[in-house]
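Participant: Before I ask anything, let me first share the structure, which is written out below as structure tokens.
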Amino acid sequence: MAIRFLVLITATVLAFSKLANAGPSYNYYDEIAQATCTAMNTRAGWVFAVRRKCNSWTLPCQYICSSPSLAAQDPSVSSRGLECFNSLHVYQDRPVLPSDIQSGTNMLGLEVYRYQSCYSGSCGPNYCCCRSK
């Protein structure tokens, strides 16, 4: 399971690395979060990585995912609703590794923290992993 997760994340990062270097305005954090949430899901169904504000007033992911207004945004889940199954913090401003695989070895690049919870508040998770009920 852990190897499958690592392979999916690595493939996603490689697939989008060219797009990330296309210009300063491209945001690949959503793709990283979506791929990570999808890989962590253990059931069949729809999966969404939902952005979450990083401040002390933001609701925990448990409440964000279960919001009827969130589910109403997609007809696949509007009648079923959504539930939270995990949360993440995808770190920004990480070093960009060289495109040459040989010169980019033994260097830390992208970083994601997995909370294993939907109840973290304040400036913890910046993505909620939501799935169809």
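The values are calculated or read from the model by the stated rules, or taken from the named source; none is laboratory data. The model shown is predicted, which means the values in this text are computed figures rather than measured ones. Counting neighbours? That spans all protein chains shown, and the Cβs are built from the backbone with ideal geometry, glycine included.
Participant: Does GLN92 qualify as being among the polar types (S, T, N, Q) and exposed (fewer than 13 other Cβ atoms within 10 Å of the Cβ)?
Facilitator: In short, yes.
Participant: Another question, if that's okay. Report, ordered by the first and then the second residue, all pairs with beta carbons closer than 7 Å, sequence separation of six or more or different chains, a first member in the range 113-132 that is part of a loop (DSSP other than H, G, I, E, B), and a second member that is of a type in the set (Val, Ile, Thr).
Facilitator: ASN126/VAL90
Participant: A further question follows. Restricted to the range 34-47, and to residues that are part of a loop (DSSP other than H, G, I, E, B) and of a type in the set (Gly, Ala, Ser), which residue is surrounded by the fewest Cβ atoms within 10 Å (Cβ to Cβ)?
Facilitator: If we take residues in the range 34-47 being part of a loop (DSSP other than H, G, I, E, B) and of a type in the set (Gly, Ala, Ser), then ALA44 is surrounded by the fewest Cβ atoms within 10 Å (Cβ to Cβ).
Participant: While we're on this one: Just give me the residues in the range 114-131 being loosely packed, with under 13 Cβ neighbours inside 10 Å and touching a strand residue (DSSP E or B) at 6+ places or on another chain (Cβ under 9 Å), in sequence order. Break it down into steps so the answer makes sense when it comes.
Facilitator: Within the range 114-131, the subset loosely packed, with under 13 Cβ neighbours inside 10 Å is 116, 122.
GLN116 - this is the single residue of the range 114-131 that is loosely packed, with under 13 Cβ neighbours inside 10 Å and touching a strand residue (DSSP E or B) at 6+ places or on another chain (Cβ under 9 Å).
Participant: Then there is this: Taking the range 53-74 only, how many residues are free of Cβ contacts under 8 Å to residues at least 40 places away in the same chain and in a helix (DSSP H, G or I)?
Facilitator: Adding up the residues that qualify gives 4.
Participant: Tell me the residue from VAL50, VAL77 that is at pLDDT 95 or above and in a loop (DSSP other than H, G, I, E, B), please.
Facilitator: Only one candidate qualifies: VAL77.
Participant: Still on this structure: Which of the residues spanning the range 31-52 are more than 14 Å from LYS133 (Cβ to Cβ), of a type outside the set (Val, Ile, Thr) and touching a residue at least 60 places away in the same chain (Cβ under 8 Å)?
Facilitator: Within the range 31-52, ALA33, CYS37, MET40, ALA49, ARG51, ARG52 qualify.
Participant: I'm checking my understanding of the structure. Among residues of the range 95-113 that are surrounded by fewer than 13 Cβ atoms within 10 Å (Cβ to Cβ) and small (Gly, Ala, Ser), which one is farthest from THR42 (Cα to Cα)?
Facilitator: SER103
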